[in-house]
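Contents: one structure, followed by commentary.
What follows draws every value from the coordinates through simple rules; no lab data is involved. Quick caveat, the model's predicted, so the values are computed rather than measured. In this analysis, Cβ positions are derived from the backbone assuming ideal geometry, glycine residues included, and neighbour counts consider all displayed protein chains.
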């Protein structure tokens with residue numbers, strides 16, 4: 001899933017859970033649950049490290065911008081929301097480092113993370129993007145309702 005979806009999920013978790021430690025842990029768990037849902041965005045992550053870097057950078061900036069757009073509905077700077085966002089996003093950092101730099105020390109984590117991306121349902125790129133847009137819309141609705 002794109003970082004924007006993970007970050008928005010973490011913000012929603014942080015809004016519901018007012019304990020930063022619990023929000024962080026639930027954010028981490030939510031990351032892997034969301035990654036388990038079919039969401040083919042492999043077009044951005046295969047074989048081209050420069051593209052992967054820039055897509056990750058742009059997605060991260062979109063996530064920050066998107067969360068700032070929601071700040072009238074949530075206290076973006078509350079510790080529990082920041083912890084939820086951090087927990088939901090951090091699991092992709094070692095994955096990204098491994099992909100960009102072939103960091104062999106992270107290979108075990110990369111293989112663990114990859115388990116959540118293996119799907120028995122094959123979907124195409126546009127179906128994957130649609131699924132992610134639906135999740136973002138639902139999360140946004142839950143935050144602003």
Inset, instruction - Multiply the residue gap between residue 61 and residue 116 by 0.36 nm, knock off their C-alpha separation, and tell me the result in nm, one decimal place. - result: 17.3 nm
Legend entry - Along principal axes, Cα extents of the chain, largest first, whole Å: 39, 33, 28
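Starting from 0.36 nm per residue, how many nanometres of slack lie between residue 25 and residue 90 once their C-alpha separation is accounted for?
Additional length available on full extension: 22.3 nm.
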Legend entry - Equivalent ellipsoid semi-axes - Cα gyration tensor, region 61-120, angstrom: 29, 13, 11
Inset, instruction - Assuming R0 = 22 Å, can you tell me the calculated FRET efficiency for the pair residue 78 and residue 145, based on Cβ-Cβ distance, to the nearest 0.05? - result: 0.75
Inset, instruction - Could you work out how far helix 79-89 tilts from the main Cα principal axis of the chain, as a 0 to 90 degree angle to the nearest 10? - result: 20
